[in-house]
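None of the figures in this text is laboratory data; all of them are computed from the coordinates on show. Just so we're clear, the structure is a prediction, and the values are computed from it rather than from any experiment. Cβ sites come from the backbone with ideal geometry, for glycine too, and all protein chains shown count toward neighbours.
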Amino acid sequence: MKLKINGTDSEMQDGITVSRLLETLQIEPARVAVEVNLQIVKKCNFDDHILKDGDSIEIVNFVGGG
Amino acid sequence: MDDKLIIKGIEFKSRLWVGTGKYKDFEETAKAIEASGADVVTVAVRRTNIFDRKSANLLDFIDPKKYKILPNTAGCYTMEDALRYARLARETGVSDLIKIEVIGDEKTLFPDACATLKATEILAKEGFIVLPYINDDPVMALRLVDAGAAAVMPLAAPIGSGLGIRNPYNIKIILEQAKVPVVVDAGVGTASDVAIAMELGCDAVLLNTAIAGAQDPITMAEAMKHAVLAGRLAYKAGRMPRKLYATASSPIEGML
């Protein structure tokens, strides 16, 4: 299925969860926040939230700033 | 001397708060923050690099167990964006603190007062500890306190300008009227600027470029640590009155 991840079109396995996506991208879940179609997905729901074809996902973390 | 800064029950070890932007690398960031003695560290919320997973994470260098992480909404130009960034920041699970920064003008980076006020009101109701970046405007400071700001953070001068406190009288009025801690945020350039802010009675100073943009950031970080302490002590001590004419320090009595 097609997903838009941080603005980039990506091809991912059908029906994967947020947890599985982060694992695939080698991203440590503890350090990030995730939004799917402008809705925040709570960390406790990463394992259960199944992504759908066409979902737009934002994965953010902290960077240097003032 | 017990002189701790407490905001919403959170005790702060240092009155120097520092940003993490504009450093050469994370090693330099970590060293400068260590040298500054700060325990509040500001960070920005941005997209994770999904292509290069070997790239380091800021929090590997700035331990959230050791420092209080203060995420900001820097770069946001609307209230809606500020709310989005703030909620994402909290969702990382590191901090309930949020520095609300809604920019109203690209060139000066002055805050949009209306959007800042609305965002503060909404986020305070959601349980955030909201610390808004504002202009040196005493009336706005009061409005923000009414809206639930845990502290107000008036700028000294435009972000990254290094001009120092341009309007100490407005800062003094804010200090007199606001019933919450006042943190001077942005625009200081060197140690004396920080000392002046603290001598006025400000509760803390938040800075970034003054350290990161110095020729030797680590040494400047140390200078800032001392400036905050010196300024605070001078404020507590109460300065002598200014006089137009001289008063001799040595006695006349006993002169030949």
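For the peptide B:89-101, the mean number of other protein chain Cβ atoms found within 10 angstrom of a residue's Cβ is 3.
Each label point was placed 7 Å from the Cα along the Cα-to-Cβ direction; for B:Thr78 and A:Ile50 their separation is 3.3 nm. Per-residue packing, averaged as other Cβ atoms within 10 Å, sorts the ranges B:183-192, B:27-36 into the order B:183-192, B:27-36, beginning with the highest. For region B:106-256, the calculated P(r), taken from all Cα-Cα distances in 10 Å bins from zero up to the bin holding the longest distance, is 11, 34, 30, 15, 5, 3, 1, 0 percent. Of B:Ile122, B:Pro138, B:Ala156, whose Cα points farthest to the positive end of the dipole of region B:105-158 (charges on the beta-carbon: +1 Lys, Arg; -1 Asp, Glu; origin at the Cα centre)? Farthest along the dipole direction, towards plus: B:Ile122.
Screening chain B for whole DSSP H helices with an alpha carbon extent of at least 20 angstrom along the helix axis and a mean Kyte-Doolittle hydropathy of at least -0.5 yields B:217-237. Quick one: Cα centre-to-centre distance for region B:181-256 and region B:125-143, in angstrom? So the two Cα centres are separated by 25 Å. Pairs exceeding 22 Å between alpha-carbon atoms, taken from A:Lys42/B:Lys24; B:Lys8/B:Lys225; A:Lys4/B:Lys125; B:Lys8/B:Lys99; A:Lys42/B:Lys13: A:Lys42/B:Lys24; B:Lys8/B:Lys225; A:Lys4/B:Lys125; A:Lys42/B:Lys13.
In the calculated pair-distance distribution of chain B, the portion above 30 angstrom amounts to 27 percent of the Cα-Cα pairs. Evaluated with a Cβ-only charge set (Lys, Arg +1; Asp, Glu -1), chain B carries a dipole of roughly 180 debye about its Cα centre, given to the nearest 20. Exposed loop positions in chain B were taken to be chymotrypsin sites (Phe, Trp or Tyr not before Pro) whose DSSP state is not H, G, I, E or B and which have at most 12 other beta-carbon atoms within 10 angstrom. Between these positions, the longest stretch is B:52-244.
Taking the Cα centre of region B:1-140 as reference, the dipole from Cβ charges on Lys and Arg (+1) and Asp and Glu (-1) amounts to some 380 debye.
Express in % the proportion of alpha carbon pairs of region A:2-61 at distances exceeding 17 Å. Percentage above 17 Å: 25.
Dividing the summed helix terms, -39500 (n - 2.57) for each DSSP H run of n ≥ 4, by the number of residues in chain B produces a 222 nm estimate of -11000 deg cm²/dmol to the nearest 500. Peptide A:30-42 has a mean of 4 when you count, residue by residue, the C-beta atoms of other protein chains within 10 Å of its C-beta. Here chain A and region B:3-50 have alpha carbon centers that stand 27 Å from each other.
Computed log10 I(q)/I(0) for region B:47-164 at 0.09, 0.17, 0.21 Å⁻¹: -0.26, -0.87, -1.16, from the Debye equation with unit scatterers placed on every C-alpha and solvent omitted.
In debye to the nearest 20, how big a dipole does the protein assembly as shown give about its Cα centre with +1 on each Lys and Arg Cβ and -1 on each Asp and Glu Cβ? Dipole of the protein assembly as shown, to the nearest 20 debye: 700 debye. Within region B:187-256, the GluC sites (Glu not before Pro) that combine a DSSP coil assignment with at most 13 other C-beta atoms in a 10 angstrom radius are B:Glu253. Scaled against 2.2 N^0.38 Å for its residue count N, the alpha carbon radius of gyration of the protein assembly as shown is 1.13. Only one residue of B:Leu88, A:Val34, A:Ser10 has its Cα farthest out toward the positive end of the dipole of the protein assembly as shown, where Lys and Arg carry +1 and Asp and Glu -1 on Cβ, and that residue is B:Leu88. Here is how the number arises for chain A: DSSP H runs of 4 or more residues each give -39500 (n - 2.57), the sum is divided by the residue count, and the result at 222 nm is -2500 deg cm²/dmol.
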